[in-house]
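One structure is given below, encoded as structure tokens.
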Amino acid sequence: MKRIRKYLLLVLCLCALPLVQSCIDEDELPDNAKGNFEALWRIIDERYCFFDYKKQAYGLDWDEVYQRYSRQITNDMTESQMFEVMANMLSELRDGHVNVYASFDQARYWSWHEDHPANFSDTLQRKYLGTDYKIAAALKYRKLDDNIGYVYCGSFSNGIGEGNLDEVMMALATCNGLIVDVRNNGGGMITEAEQMAARFTNNEILVGYMQHKTGKGHNDFSPMEPQTLKPSDGLRWQKRVVVLTNRSVVSADNEFVKYMRCCPKVTVVGDKTGGGAGMPFSSELPNGWSIRFSACPMYDKDGKCTEFGIEPDHNVQLSDDDFARGRDTIIEYARTLLGGGGQ
């Protein structure tokens, strides 16, 4: 089996612009409303990777979607009107990795977190971190008063290096356990997610599978390629770990949780993740608008698609009573699991 890095060098970040251009022959479609709509529908029809999965999950019928939205397109409509129709059509896919980018707006589907409790509070986190916490690239960390280590990672797109991880591991080495909080992490580089997860295994382990689109048909995919995680050559954590999640854990962060669930001594606590298990590619409409879409599906070690999220080992919600008392229910639950006294 081969390393994850060979396959996953692309950026998985929901708020980043598309970086990879896919070559789609649009047969010289005209730069008018109907031509641009046709180009968009065809790009998605030929390259999107979750049609069968979403048909099974909630009955998506992409041909029916075309019939419904194509009737709303006329060549005398404004750009804003055309953009709105396109955005509404793409929202039928329920995919945070699907976007249209115009100079005046970005079409997006964010219901995967907007329709759910936040289960994260900056105000509460500041209480736990205090003012004397340490910073290593995108990592904020400290020892809590019950000798539990706490690391917050808010992004995998800020250049976390091996040296940063060595320093964090060394600083928290005497702690009785470790909390890795990745709530509200919108993704970034999968390679960063991989190198961080590699600090929590001593052996090469299977963490999932990936496929590549090989043709224009909805079911044209390569065989499943195994994803493996190799242990880091740097300092590795040997004690218990609790990973904290919420619905805003997506994309590369969703992959991180997928990896960590396969590591020994790791427990996942919080809400279900937001998903985002398709590696995004991009193309362009005749009018120059950019299109991003999920093109390569990824699965967990059991071959299950994680596009709609990963369930935690312990589903814990941030309670109003705890919030009023200045307590983060999810952090406190993790401290209890790790044997700390909490607060």
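The values are calculated or read from the model by the stated rules, or taken from the named source; none is laboratory data. For clarity, every value in this text was computed on a predicted model and none was experimentally measured. Ideal geometry is used to build each Cβ from the backbone, glycine not excepted, and the neighbour counts take in all protein chains shown. Note: areas computed on protein heavy atoms with side chains; ligands, DNA, RNA excluded. Shrake-Rupley method; radii C 1.70, N 1.55, O 1.52, S 1.80 Å.
Antiparallel versus total DSSP beta bridges in the range 68-200: what percent is that, nearest 5? DSSP beta bridges in the range 68-200 are roughly 60 percent antiparallel. The modelled label-to-label distance between N203 and T74, using points 7 Å beyond Cα along the C-beta direction, is 6.7 nm. Using a cut-off of 28 Å between Cα atoms, the listed pairs K143/K258; K216/K304; K134/K304; K55/K265 include K134/K304; K55/K265 as exceeding that distance. By DSSP, the beta bridges lying fully in the chain are antiparallel in about 60 percent of cases. Computed over protein heavy atoms with a 1.4 Å probe, the accessible surface of the range 35-189 works out to 44 Å² per residue. Ligands, DNA and RNA left out, the 1.4 Å accessible surface of the chain is 46% carbon and sulfur atoms. Per the Kirkwood formula applied to alpha carbons, the range 156-239 shows a radius of gyration over Rh ratio, Rg over Rh, of 1.09.
Membrane-span-like helices in the chain, defined here as complete DSSP H runs extending at least 15 Å along the helix axis by their C-alpha atoms with mean Kyte-Doolittle hydropathy no lower than -1.0, are 33-47, 79-91; this is a sequence and geometry rule, not a statement about a membrane.
The label-point distance for D115 and D233, in a model that sets each label 7 Å from Cα toward Cβ, rounds to 4.7 nm. Using label points projected 7 Å from each Cα along Cα→Cβ, tell me how many nm separate A171 and D63, to one decimal. Using points 7 Å along Cα→Cβ, the separation is 5.8 nm. Summing charges over neighbours of N202, with a neighbour being any other residue whose Cβ is under 13 Å away from its Cβ, gives +3 when K and R count +1 and D and E count -1. When the Cα convex hull of the range 21-128 is projected onto planes of every orientation, the mean area is 9.7 nm².
Estimated from helical segments only, the mean residue ellipticity of the chain at 222 nm is -8000 deg cm²/dmol, where each DSSP H run of four or more residues counts as -39500 (n - 2.57). For the pair I135 and Q317, what calculated FRET efficiency results from E = 1/(1 + (r/R0)^6), where r is the Cβ-Cβ distance and R0 = 22 Å, to the nearest 0.05? Computed FRET efficiency for Q317 and I135 comes out at 0.15. If you run the Gaussian network model on the chain, springs between alpha carbon atoms under 10 Å, then out of G275, G288, G187 the most flexible one is G288.
Measuring r between the beta carbons of H212 and D105 and using R0 = 25 Å, the FRET efficiency lands at 0.20.
Computed over protein heavy atoms with a 1.4 Å probe, the accessible surface of the range 192-238 works out to 43 Å² per residue. Each 10 Å bin from zero up to the one holding the largest Cα-Cα distance in the chain carries the following percent of pairs: 6, 25, 31, 21, 12, 5, 1. Against the criterion of solvent-accessible heavy-atom surface with a 1.4 angstrom probe, F120, F293 sort, most first, into F120, F293.
Taking M210, M77, M189 in turn, the Gaussian network model of the chain (Cα-Cα springs below 10 Å) assigns the largest fluctuation to M77.
Across the range 144-156, coupling constants 3J(HN,Hα) worked out from phi with the 6.51/-1.76/1.60 Karplus curve, θ = phi - 60°, read 6, 6, 9, 6, 9, x, 10, 10, 10, 10, x, 6, 10 Hz, and Gly and Pro carry x.
What percentage of all Cα-Cα pairs in the range 55-105 are separated by more than 18 Å? Roughly 37 percent, once rounded to a whole number. Charge dipole (Cα centre; +1 on Lys/Arg Cβ, -1 on Asp/Glu Cβ; no other charges) of the chain amounts to roughly 1460 debye.
Per residue, the convex hull spanned by the Cα atoms of the range 257-330 amounts to 135 cubic angstrom. Comparing D181, D63, D146 in a Gaussian network model of the chain where C-alpha atoms under 10 Å apart are linked, the largest mean-square fluctuation is found at D63.
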